[in-house]
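Below is one structure, written out as structure tokens; comments come after it.
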Amino acid sequence: FQVLGSSGKLYTCYSSCHFCTCPAFGFTVLQKSESLLCKHILAVYLSRAMGACQELKVSEEQLTSILLAEEEDEG
């Protein structure tokens, strides 16, 4: 899932493995173990429960472009 953060940045959340690309997830969940999830993963779970997700089909090439663009933003 892609979730629009409050800063306007898109974060990718992998609900199947409970992971988000946001800095808060990396710090509070992975490094400090102070939380089980970030607000983006919570938004995914809530929107799925409410049936409010917008599903878009993407090809493997499009998915690769999305993931590579995120790496470029981080690096």
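The values are calculated or read from the model by the stated rules, or taken from the named source; none is laboratory data. All of these numbers come straight from a predicted model, not from anything done at the bench. All Cβ positions, even for glycine, are placed from backbone atoms using ideal geometry, and neighbour counts span all protein chains on display. For accessibility, only protein heavy atoms count, side chains too; no ligands or nucleic acids. Shrake-Rupley method; radii C 1.70, N 1.55, O 1.52, S 1.80 Å.
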| task | Consider Gly51 carefully, then state whether it is modelled with pLDDT under 95, open to solvent by less than 90 Å² (accessible area, probe 1.4 Å) and in contact with a helix residue (DSSP H, G or I) (Cβ under 8 Å, 6 or more places away or on another chain). | result | no
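For (1) among the aromatic types (Phe, Trp, Tyr); (2) in a loop (DSSP other than H, G, I, E, B); (3) touching a residue at least 24 places away in the same chain (Cβ under 8 Å), each residue gets a yes or a no:
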{"position": "Gly8", "(1), (2), (3)": "no, yes, no"}
{"position": "Tyr11", "(1), (2), (3)": "yes, no, yes"}
{"position": "Cys17", "(1), (2), (3)": "no, yes, no"}
{"position": "Phe27", "(1), (2), (3)": "yes, no, no"}
{"position": "Glu34", "(1), (2), (3)": "no, yes, no"}
{"position": "Ile41", "(1), (2), (3)": "no, no, yes"}
{"position": "Tyr45", "(1), (2), (3)": "yes, no, yes"}
{"position": "Ala49", "(1), (2), (3)": "no, no, no"}
{"position": "Gln54", "(1), (2), (3)": "no, yes, no"}
